[in-house]
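What follows is a set of notes on a single structure, which appears directly below.
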Amino acid sequence: MHKKIFIYFVFFLFGVVFFAFAQETVMEGESLSFKESEKVVERPQKSYFLEDAEVFKKKVYELLVSQKEVSNEIEKRYDENTDGKLQEKELKAFWFDIVFVVERRSWVNVNSEFIRIFDLDKDGRINLQESFEIKKFLR
């Protein structure tokens, strides 16, 4: 019985010493990787720089006041007064829900002219970075 306890104690001490050594090694900036090929290379994030932010803002505000006619079933859900057009309040509710979905799924397909303006990389989806542009107009 005492022999088992002694063996467990030795393994415990070995683990503590190894852990302390590993922590000290990491603190000094060395890697504990066994293969150099396991290095993680971070991919640079896409950056969306608008060529002219003022022109973009102007387009969005024109969209807000233009009251374009709704063109699909999704847009009709937001047309509260059923006049066939999205007013500023209705359009902001639509954008708010788009941001909500993007934050949950990390993207949403562009299925409306009312959100196509925010598809900055023109891939047919609104992603998290593009949803930040929408948030600017919801304030």
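I need a count of the residues in the range 75-89 that are of a type in the set (D, E, K, R) and outside any helix (DSSP H, G or I).
Result for the range 75-89: 4.
Within the range 53-74, can you find the residues that are farther than 21 Å from R139 by Cα and either touching a Leu at 6+ places or on another chain (Cβ under 8 Å) or assigned to a loop (DSSP other than H, G, I, E, B) (or both)?
The answer is K68, V70, S71, N72.
(1) at pLDDT 90 or above; (2) surrounded by 13 or more Cβ atoms within 10 Å (Cβ to Cβ): which one isn't true of R104, the others all being true?
(2)
For the range 119-139, enumerate the residues that are touching a residue at least 24 places away in the same chain (Cβ under 8 Å) and in contact with an Asp or Glu (Cβ under 9 Å, 6 or more places away or on another chain).
L120, D121, I126, N127, L128, Q129, E130, S131
Find the residue count for the range 65-91, including only residues that are more than 25 Å from the chain's Cα centre (by Cα), aliphatic (A, V, I, L, M) and surrounded by 15 or more Cβ atoms within 10 Å (Cβ to Cβ).
Residues that pass the stated criteria total 2.
Taking the conditions exactly as written (in contact (Cβ under 8 Å) with a residue 40 or more places away in the chain and surrounded by 14 or more Cβ atoms within 10 Å (Cβ to Cβ)), does F94 satisfy them or not?
No.
Can you tell me which residue is surrounded by the most Cβ atoms within 10 Å (Cβ to Cβ) among those in the range 107-121 that are of a type in the set (D, E, K, R) and closer than 21 Å to K68 by Cα?
Result: D119.
The values are calculated or read from the model by the stated rules, or taken from the named source; none is laboratory data. From a predicted model like this one, the values you see are computed outputs, not experimental measurements. Because the Cβ atoms are built from the backbone with ideal geometry, glycine has one as well, and the counts that use them run over all protein chains shown.
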